[in-house]
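The values are calculated or read from the model by the stated rules, or taken from the named source; none is laboratory data. None of the values given here were measured: they were computed from a predicted structure. For neighbour counting, all protein chains shown are included, and Cβ atoms are generated from backbone atoms with ideal geometry for every residue, glycine included. Ligands, DNA and RNA are excluded from the accessible area calculation, which covers all protein heavy atoms including side chains. Shrake-Rupley method; radii C 1.70, N 1.55, O 1.52, S 1.80 Å.
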Amino acid sequence: MSRHGQPRLEFGSHGSPDDGVCVVELASIIGGEDFSDRPQCVCEVIGAYLRSWNDRLAHSERQRLRPYAERVVGSRSDGTTTELRRDVCFVAAGATFHGGRLRRTLTRARLRMRIAWLVGLRPAIRLNEGAGEYAARLTFARDGADRGFALLDVLLMIGSTDGDRRPPDRDELLVRAELIARDRGPSVRAGAVASPG
């Protein structure tokens with residue numbers, strides 16, 4: 001615990017809040033669930049993105065995640081919303097989903113293979129989690145913290161209702177993700193997105 005009585009945001013997963021918390025574990029506390037880094041109140045895609053992002057950030061940058069712990073509570077949603085969040089992660093990581101259903105299916109199959117190679121077999125099978133972790137790794141390696149937070153904000157726009165404002169539609173969200181992916185430096189080697197430590 002910090003000296004102010006709030007759990008510290010730390011690297012990794014933890015046995016109890018006394019050892020520190022990752023941002024998703026903090027969300028489980030806020031959401032009133034058992035202490036976990038996979039609470040039911042948090043979208044699988046967003047949870048995977050945040051777990052990976054939390055572990056890659058420097059300590060001071062990690063503290064910027066604290067407000068997101070509350071914002072992600074209640075983000076778990078229907079399949080359509082989850083699929084759009086997954087696709088936004090893929091677009092932000094550089095994938096394109098142009099064309100018909102068959103072409104999009106082939107794109108997802110290629111992404112599964114890439115995730116299996118870079119992240120692991122389990123995330124490749126559980127594509128919602130794989131998309132979040134893959135996007136966090138690539139965003140961290142290529143884009144830095146500010147774009148990573150921008151992508152997180154886009155993910156939280158999906159499925160949200162903000163008073164009288166119309167939520168962004170699918171195409172608008174994919175364009176925002178594509179803008180995050182643009183203007184990157186030279187492509188990085190696979191080793192740059194490997195696990196931190």
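Do the conditions hold for Val45, that is, is it within 15 Å of the chain's Cα centre (by Cα) and buried (at least 22 other Cβ atoms within 10 Å of the Cβ)?
Yes, satisfied.
Select, from Gly159, Gly120, Gly100, the only residue that is modelled with pLDDT under 85, at positive phi and not acidic (Asp, Glu).
Criteria check complete, one pass: Gly159.
Give segment 121-144 a look and list any residue that's within 20 Å of Val175 (Cα to Cα), of a type in the set (Gly, Ala, Ser) and touching a residue at least 40 places away in the same chain (Cβ under 8 Å), or say none.
Result: Ala131, Gly132, Ala135, Ala136.
Could you list all residues from segment 12-62 that are part of a loop (DSSP other than H, G, I, E, B), more than 24 Å from Val88 (Cβ to Cβ), at pLDDT 90 or above and not charged (D, E, K, R)?
The one that is part of a loop (DSSP other than H, G, I, E, B), more than 24 Å from Val88 (Cβ to Cβ), at pLDDT 90 or above and not charged (D, E, K, R): Gly32.
Could you say which residue among Arg51, Arg56, Arg62, Arg76 is open to solvent by 40 Å² or more (accessible area, probe 1.4 Å) and closer than 23 Å to Arg137 by Cα?
Values: Arg51 fails: open to solvent by 40 Å² or more (accessible area, probe 1.4 Å); Arg56 fails: open to solvent by 40 Å² or more (accessible area, probe 1.4 Å); Arg62 fails: open to solvent by 40 Å² or more (accessible area, probe 1.4 Å).
The conditions single out Arg76.
Which one is least open to solvent (accessible area, probe 1.4 Å) among residues in segment 10-29 that are more than 19 Å from the chain's Cα centre (by Cα) and of a type in the set (Gly, Ala, Ser)?
Per the stated criteria, the residue is Gly20.
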